[in-house]
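Chemist: Before anything else, here's the structure in question.
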Amino acid sequence: MFVHPDEDPRSDGGFEGERATLVGYLRDHRLTLELKCAGLDAEALARRSVPPSDMSLLGLVRHLARVEHYWFRSVMAGQDVPRLYRTEDGVDVEFDGAVADPEVVAEAWETWRGEVAFAERFVADTPDLATEGAHDDEPIAFREVLVHMIEEYARHMGHADFLRERIDGRIGQ
(Lines give C-alpha, C1' and ligand atoms only; values in the text may rest on other atoms or scores of the structure.)
Protein backbone atom coordinates (compact mmCIF):
# COMPACT_ATOMS: atom_id res chain seq x y z
CA MET A 1 0.00 0.00 0.00
CA PHE A 2 1.23 3.47 -0.85
CA VAL A 3 -0.73 5.18 1.92
CA HIS A 4 -2.64 3.88 4.88
CA PRO A 5 -6.38 3.65 4.11
CA ASP A 6 -7.09 6.26 6.80
CA GLU A 7 -4.79 8.70 4.98
CA ASP A 8 -5.96 7.99 1.43
CA PRO A 9 -7.14 11.31 -0.09
CA ARG A 10 -9.50 9.55 -2.50
CA SER A 11 -13.15 8.94 -1.83
CA ASP A 12 -14.73 5.56 -1.44
CA GLY A 13 -17.54 6.27 -3.90
CA GLY A 14 -20.95 7.09 -2.46
CA PHE A 15 -21.48 10.07 -4.74
CA GLU A 16 -25.00 11.52 -5.01
CA GLY A 17 -26.19 12.30 -8.53
CA GLU A 18 -24.71 12.24 -12.01
CA ARG A 19 -22.54 15.36 -11.74
CA ALA A 20 -21.07 14.46 -8.36
CA THR A 21 -20.36 10.93 -9.59
CA LEU A 22 -18.55 12.07 -12.74
CA VAL A 23 -16.58 14.80 -10.99
CA GLY A 24 -15.79 12.56 -8.01
CA TYR A 25 -14.45 9.67 -10.07
CA LEU A 26 -12.34 12.02 -12.21
CA ARG A 27 -10.92 13.65 -9.08
CA ASP A 28 -10.07 10.25 -7.60
CA HIS A 29 -8.27 9.16 -10.78
CA ARG A 30 -6.25 12.38 -10.77
CA LEU A 31 -5.26 11.70 -7.16
CA THR A 32 -4.30 8.16 -8.15
CA LEU A 33 -1.85 9.54 -10.72
CA GLU A 34 -0.18 11.56 -7.98
CA LEU A 35 -0.04 8.52 -5.69
CA LYS A 36 1.52 6.36 -8.42
CA CYS A 37 4.30 8.92 -8.90
CA ALA A 38 4.85 9.85 -5.23
CA GLY A 39 8.36 9.64 -3.85
CA LEU A 40 10.12 9.03 -7.17
CA ASP A 41 13.04 11.05 -8.51
CA ALA A 42 13.45 12.22 -12.11
CA GLU A 43 15.32 9.09 -13.15
CA ALA A 44 12.62 6.77 -11.83
CA LEU A 45 9.77 8.85 -13.28
CA ALA A 46 11.42 8.83 -16.71
CA ARG A 47 12.23 5.09 -16.67
CA ARG A 48 10.70 3.38 -19.69
CA SER A 49 8.60 0.25 -19.41
CA VAL A 50 10.00 -2.33 -21.84
CA PRO A 51 11.31 -1.92 -25.39
CA PRO A 52 10.04 -0.86 -27.80
CA SER A 53 7.61 1.13 -25.62
CA ASP A 54 8.49 4.70 -24.73
CA MET A 55 5.96 4.78 -21.88
CA SER A 56 7.02 6.13 -18.50
CA LEU A 57 5.28 7.65 -15.50
CA LEU A 58 6.64 11.05 -16.49
CA GLY A 59 5.33 10.50 -20.01
CA LEU A 60 1.92 9.69 -18.54
CA VAL A 61 1.91 12.94 -16.53
CA ARG A 62 2.73 14.87 -19.70
CA HIS A 63 0.20 12.90 -21.75
CA LEU A 64 -2.59 13.49 -19.23
CA ALA A 65 -1.74 17.21 -19.13
CA ARG A 66 -2.12 17.21 -22.92
CA VAL A 67 -5.44 15.35 -22.69
CA GLU A 68 -6.80 17.73 -20.00
CA HIS A 69 -5.67 20.69 -22.11
CA TYR A 70 -7.29 19.43 -25.29
CA TRP A 71 -10.65 18.34 -23.90
CA PHE A 72 -11.27 21.22 -21.51
CA ARG A 73 -9.54 24.19 -23.16
CA SER A 74 -9.97 23.37 -26.84
CA VAL A 75 -13.09 21.22 -27.04
CA MET A 76 -15.23 22.55 -24.21
CA ALA A 77 -14.01 26.12 -23.68
CA GLY A 78 -13.41 26.68 -27.40
CA GLN A 79 -9.99 28.23 -26.87
CA ASP A 80 -7.77 28.39 -29.95
CA VAL A 81 -4.55 27.33 -28.25
CA PRO A 82 -1.60 25.27 -29.49
CA ARG A 83 -1.69 21.62 -28.44
CA LEU A 84 0.67 20.66 -25.65
CA TYR A 85 3.65 18.38 -26.32
CA ARG A 86 3.40 18.44 -30.09
CA THR A 87 5.94 19.50 -32.65
CA GLU A 88 5.15 21.65 -35.67
CA ASP A 89 4.78 18.52 -37.81
CA GLY A 90 2.16 17.21 -35.37
CA VAL A 91 4.25 14.51 -33.75
CA ASP A 92 3.41 13.79 -30.13
CA VAL A 93 6.41 14.32 -27.86
CA GLU A 94 4.93 13.78 -24.41
CA PHE A 95 6.66 10.41 -24.10
CA ASP A 96 9.82 11.00 -26.16
CA GLY A 97 10.52 14.24 -24.29
CA ALA A 98 10.00 12.67 -20.86
CA VAL A 99 13.65 12.61 -19.87
CA ALA A 100 15.32 12.19 -16.46
CA ASP A 101 15.79 15.90 -15.80
CA PRO A 102 14.38 17.50 -12.62
CA GLU A 103 13.40 20.60 -14.63
CA VAL A 104 11.41 18.49 -17.10
CA VAL A 105 9.69 16.77 -14.17
CA ALA A 106 8.87 20.09 -12.49
CA GLU A 107 7.53 21.51 -15.76
CA ALA A 108 5.39 18.42 -16.35
CA TRP A 109 3.79 18.59 -12.90
CA GLU A 110 3.29 22.35 -13.16
CA THR A 111 1.62 21.95 -16.55
CA TRP A 112 -0.56 19.04 -15.42
CA ARG A 113 -1.64 20.87 -12.26
CA GLY A 114 -2.39 24.01 -14.25
CA GLU A 115 -4.54 22.08 -16.71
CA VAL A 116 -6.35 20.27 -13.88
CA ALA A 117 -7.00 23.62 -12.18
CA PHE A 118 -8.40 25.04 -15.44
CA ALA A 119 -10.63 21.97 -15.86
CA GLU A 120 -11.87 22.19 -12.28
CA ARG A 121 -12.78 25.86 -12.77
CA PHE A 122 -14.51 25.03 -16.04
CA VAL A 123 -16.48 22.24 -14.36
CA ALA A 124 -17.49 24.53 -11.50
CA ASP A 125 -18.60 27.26 -13.93
CA THR A 126 -20.56 24.92 -16.22
CA PRO A 127 -23.71 23.81 -14.40
CA ASP A 128 -25.36 21.95 -17.29
CA LEU A 129 -23.85 18.57 -18.25
CA ALA A 130 -25.59 18.88 -21.62
CA THR A 131 -23.45 21.92 -22.51
CA GLU A 132 -21.82 21.22 -25.85
CA GLY A 133 -18.31 21.68 -27.10
CA ALA A 134 -16.91 20.83 -30.52
CA HIS A 135 -14.72 17.81 -31.26
CA ASP A 136 -13.67 17.21 -34.88
CA ASP A 137 -16.32 19.77 -35.93
CA GLU A 138 -19.03 17.69 -34.25
CA PRO A 139 -20.92 18.64 -31.08
CA ILE A 140 -20.05 16.73 -27.93
CA ALA A 141 -21.80 17.00 -24.58
CA PHE A 142 -19.89 17.98 -21.46
CA ARG A 143 -20.99 14.77 -19.69
CA GLU A 144 -19.42 12.72 -22.49
CA VAL A 145 -16.15 14.60 -22.09
CA LEU A 146 -16.18 13.86 -18.35
CA VAL A 147 -16.81 10.16 -19.02
CA HIS A 148 -14.01 10.16 -21.61
CA MET A 149 -11.63 11.75 -19.11
CA ILE A 150 -12.48 9.11 -16.50
CA GLU A 151 -11.83 6.41 -19.10
CA GLU A 152 -8.55 8.03 -20.14
CA TYR A 153 -7.25 8.15 -16.57
CA ALA A 154 -8.53 4.66 -15.73
CA ARG A 155 -6.73 3.12 -18.71
CA HIS A 156 -3.49 4.91 -17.94
CA MET A 157 -3.61 4.13 -14.23
CA GLY A 158 -3.42 0.49 -15.27
CA HIS A 159 -0.23 1.36 -17.15
CA ALA A 160 1.00 3.29 -14.12
CA ASP A 161 0.47 0.20 -11.92
CA PHE A 162 2.87 -1.81 -14.06
CA LEU A 163 5.37 1.04 -14.41
CA ARG A 164 5.53 1.62 -10.66
CA GLU A 165 5.87 -2.08 -9.95
CA ARG A 166 8.79 -2.25 -12.41
CA ILE A 167 10.49 0.71 -10.73
CA ASP A 168 10.35 -0.32 -7.08
CA GLY A 169 7.97 -3.24 -6.68
CA ARG A 170 5.11 -1.21 -5.25
CA ILE A 171 1.67 -2.37 -6.24
CA GLY A 172 -1.87 -1.29 -5.47
CA GLN A 173 -3.58 2.01 -4.85
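Chemist: Using the crude model of +1 on Lys and Arg Cβ and -1 on Asp and Glu Cβ, and no other charge, please compute the dipole size for the chain relative to its Cα centre, in debye to 20.
Modeler: Dipole of the chain, to the nearest 20 debye: 340 debye.
Chemist: Mind checking the dipole of the range 87-173: about its Cα centre, +1 per Lys or Arg Cβ, -1 per Asp or Glu Cβ, Debye to the nearest 20?
Modeler: Values: 7 positive and 23 negative charges, 133 e Å.
Dipole about the Cα centre, nearest 20: 640 debye.
Chemist: To the nearest 10 Å², what's Glu120's accessible area with a 1.4 Å probe?
Modeler: Only protein atoms counted, so the area is about 90 Å².
Chemist: Please give the direction-averaged projected area of the C-alpha convex hull for the chain, in square nanometres with one decimal. Write down the numbers at each step before the final one.
Modeler: Numbers: hull surface 42.9 nm².
Quarter of the Cα hull surface area: 10.7 nm².
Chemist: Amide H of Arg86 versus every other amide H placed in the peptide plane: which residues, excluding those fewer than 5 positions away on the same chain, fall under 5 Å?
Modeler: Close amide H contacts, sequence-distant or interchain: Val93.
Chemist: Keeping the other protein chains in place, figure out the carbon and sulfur percent of the accessible area of the chain, with a 1.4 Å probe. Numbers along the way, then the final one.
Modeler: Numbers: 4760 of 9160 Å².
Taking all protein chains in place, the chain shows 52 percent carbon and sulfur surface.
Chemist: Tell me the Rg and the Dmax, in Å, that the Cα atoms of the range 41-96 produce.
Modeler: Taking only Cα atoms of the range 41-96, I get Rg and Dmax of 13.0, 38 Å.
Chemist: Which whole-number value in Å³ per residue fits the convex hull of the alpha carbons of the range 1-95?
Modeler: Per residue, the Cα convex hull of the range 1-95 comes to 134 Å³.
Chemist: Starting at the first residue of the range 92-97, write each ³J(HN,Hα) from the Karplus equation 6.51 cos²θ - 1.76 cosθ + 1.60 with θ = phi - 60°, in whole Hz, x for Gly and Pro.
Modeler: Each residue of the range 92-97 in turn: 6, 10, 4, 8, 4, x Hz.
Chemist: For the chain, what is the mean residue ellipticity at 222 nm derived from helices alone (per DSSP H run of n ≥ 4: -39500 (n - 2.57); sum divided by total residues; nearest 500 deg cm²/dmol)?
Modeler: -17000 deg cm²/dmol
Chemist: I've got another one for you. Calculate one ³J(HN,Hα) per residue across the range 101-106 by plugging θ = phi - 60° into the Karplus curve 6.51 cos²θ - 1.76 cosθ + 1.60, and present them in order as whole Hz with x for glycine and proline.
Modeler: 10, x, 5, 5, 4, 4
Chemist: In debye, nearest 20, what is the charge dipole magnitude of the range 37-116 about its Cα centre with +1 on Lys and Arg Cβ and -1 on Asp and Glu Cβ, if you could check? Display every interim value, and only then the final one.
Modeler: Numbers: 8 positive and 15 negative charges, 60 e Å.
In total the dipole reaches around 280 debye.
Chemist: Hey, what's the chain come to in accessible area per residue, 1.4 Å probe, Å²? Don't jump to the answer; show the numbers that get you there.
Modeler: On the way: 9160 Å² over 173 residues.
Result: 53 Å² of accessible area for each residue.
Chemist: Still on this model: Ignoring solvent entirely, what values of log10 I(q)/I(0) come out of the Debye formula for the range 57-135 at 0.13, 0.20, 0.24 Å⁻¹ when each Cα is a single scatterer?
Modeler: With one equal scatterer per Cα and no solvent, log10 I(q)/I(0) is -0.42, -0.87, -1.11.
Chemist: Same structure again: Using Cα centres only, tell me the gap between the range 83-126 and the range 9-79 in whole Å.
Modeler: Their Cα centres are 11 Å away from one another.
Chemist: Which listed residue (Gly14, Leu45, Gly172) has the Cα farthest towards the positive end of the charge dipole for the chain, taking +1 on Lys and Arg C-beta and -1 on Asp and Glu C-beta about the Cα centre?
Modeler: Gly172
The values are calculated or read from the model by the stated rules, or taken from the named source; none is laboratory data. Because the structure is predicted, anything quoted here is derived from the model rather than measured. With ideal geometry, Cβ positions are generated from the backbone for all residues, glycine too; neighbour counts draw on all protein chains shown. Ligands, DNA and RNA are excluded from the accessible area calculation, which covers all protein heavy atoms including side chains. Shrake-Rupley method; radii C 1.70, N 1.55, O 1.52, S 1.80 Å.
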